[in-house]
Structure formats: structure tokens, C-alpha cells
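The numbers here are math on the coordinates, done by the rules we state, and not lab data. Because the structure is predicted, anything quoted here is derived from the model rather than measured. Cβ placement follows ideal geometry from the backbone for every residue including glycine, while neighbour counts extend to all protein chains displayed.
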Amino acid sequence: MADPIAEKTAAARYAVALVNDFMRVGLGTGSTAAIAVALLGERVRQGLDIVAIPTSERTRALAEAAGIKLTDFSTGTALDITIDGADEADRELRLIKGGGGALLREKVVASISRRVVIIADSAKLVDQIGRYPLPVEVVRFAWQVVQSRLRGLGAEPKLRLTADGTPFVTDEGHYIVDGSFGVIRDPERTSRYLLNTPGVVDHGLFLGLAHDLVVGCGDSVDVY
């Protein structure tokens, strides 16, 4: 039986090895990205000279604890490489992201990166994306509107809640509605439809953004 931690670590180690001195690095959010941040911190303590932009306050705290020097867009709006995870990915490098609630910042960072490396354990690789609920970040005023639109697309939508039953709030102050599709047969059409819905800030379909998908398989990796 596959060990997801070992697979995540193998994928993260592969990706971190791609980082060289003087790079500007995007740091993703989530359990797999956290492993990459820790491994990158090890390389920084060994002398690697980089600066990084985190995609969430949670990742910021991890990076600071690891000793990684952070920057922001005031020093430039391009990144050499971004390392991030995914909730689902297919072999055409179409992704669902946002389970950690950072999809908006993750998409901004991916969009300005010369190379986006997605790391995942083998359970995240699917033939058709959609089994994992699609996160949609929305302005608070419009979450019921977006929920209705998702239902019209055939999804079962739910407002994301915290453990105490209150709405989850993103780092940018928005809500997230998660839409369970089962399978998203036309991700590009779904993306366009959602982006044309007033109240939608962005969604967790990452299409045409990833350059490499590194999937842990035991202690080795497959690269797509």
C-alpha cells in the first residue's frame, strides 16, 4: 500500500532540487507544499541564496520558521519557479486546487512563474478531474448566487465552514463554495462560465498553468 507521506516527500525532493541560487521562488500551500518548504529550508541553511513569495499566511509562517528569505511584488512581478501541490491532477496537467483555501494567491503566483512544478502523491493523479470538490472563491455578498450557479452546472455545492461551524474566510477575506461534480467533463467551459458569474473572484481549476507534474510513486517519481 502506498505511503502518501513518502510519495509527497519524494515529489517535493525532486522539485526542490530544481531550485538554484538567485531564483525568485513561489511557495505553494498545503500538506505537500509544506514538505517542499521544509526541504527548501534545509537547502537555504546549507547556503542556497533565494528569495520567495508565499501563497498564504500559513506558508509565510512555515517559510519564516525554515529561514527562507521572503519578498513581495514590490521587488518584481516575475518568478523563476513555483512549487505547489494539487488536490487533483490529470495527465494533461489540468488541476483542481484550493482545498487549503489559498487558490486565489496560488493562481496569481502561478500566472507569473516561468516554471510551475506541481507535486503530489499518487492518489491525486486521476483520469478525469472532478471527484474532488471544486473550490470557488466568492465575495461574501454573493455566495448564495454562486451556489445556485454551481447547482445549475450539476454540482452539489456547499459553503465551506470551519470546525466551529462558521464560514471559512480566505486570506483575502472571501468565502469559498465547494462544488462536488463527480467528473468535470469540460473544464475549460466550466472555468469560463464561473469566471463570467458576478460574485466569483476565482476558482480552483488551474488550466494551462502547470509545466511539470511530479507524482510520487513509492520512493521514486513519475514526471508528466
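What to note about this one:
- Along each principal axis, Cα extent of region 134-180, largest first, Å: 27, 20, 15
- Other residues within the sphere of radius under 11 Å centred on the Cβ of Arg43, judged by their own Cβ, net out at -1 (K and R +1, D and E -1).
- Rounded to the nearest whole angstrom, the semi-axes of the ellipsoid equivalent to region 122-205, taken from the Cα gyration tensor as √(5λ), stand at 21, 16, 11, largest first.
- Here is the tail figure for region 84-224: Cα pairs spaced more than 28 Å apart come to 16 percent of all pairs.
- The packing ranking of peptides 154-165, 196-207, 212-223, 85-96, highest mean first, is 85-96, 196-207, 212-223, 154-165, where packing means the average number of other beta carbon atoms within 10 angstrom of each residue.
- Efficiency of FRET from Cβ geometry, Glu172 and Asn20, R₀ 35 Å, rounded to 0.05: 0.65
- Within straight-line reach of Lys69, meaning a Cα separation under 23 Å, sit the following lysines at least 8 residues removed in sequence or on another chain: Lys107.
- Think of it as helices only: each DSSP H run of n ≥ 4 in the chain is worth -39500 (n - 2.57), and spread over all residues that comes to -9000 deg cm²/dmol at 222 nm.
- Of the complete DSSP H runs in the chain, those spanning 20 angstrom or more by Cα along the long axis with a mean Kyte-Doolittle score not below -0.5 are 31-45.
- Segment Ile112..Cys217, full-extension length gain: 34.9 nm, with 0.36 nm per residue of separation and the alpha-carbon distance subtracted.
- Extended-chain gain in nm, criterion 0.36 nm per residue less alpha-carbon gap, Val51 and Ser148: 30.7 nm
- All C-alpha to C-alpha distances of region 53-163, sorted into 5 Å bins beginning at zero, yield P(r) values of 2, 10, 17, 20, 19, 15, 11, 5, 1, 0 percent in whole numbers.
- Reachable lysines from Lys124, criterion Cα separation under 18 angstrom, eight or more residues apart if same chain: Lys8, Lys97
- For Leu70, residues with placed amide H under 5 Å, excluding near neighbours: Ala52
- Ellipsoid fit via the Cα gyration tensor, region 177-224: semi-axes of 28, 12, 10 Å, each the root of five times an eigenvalue, largest first.
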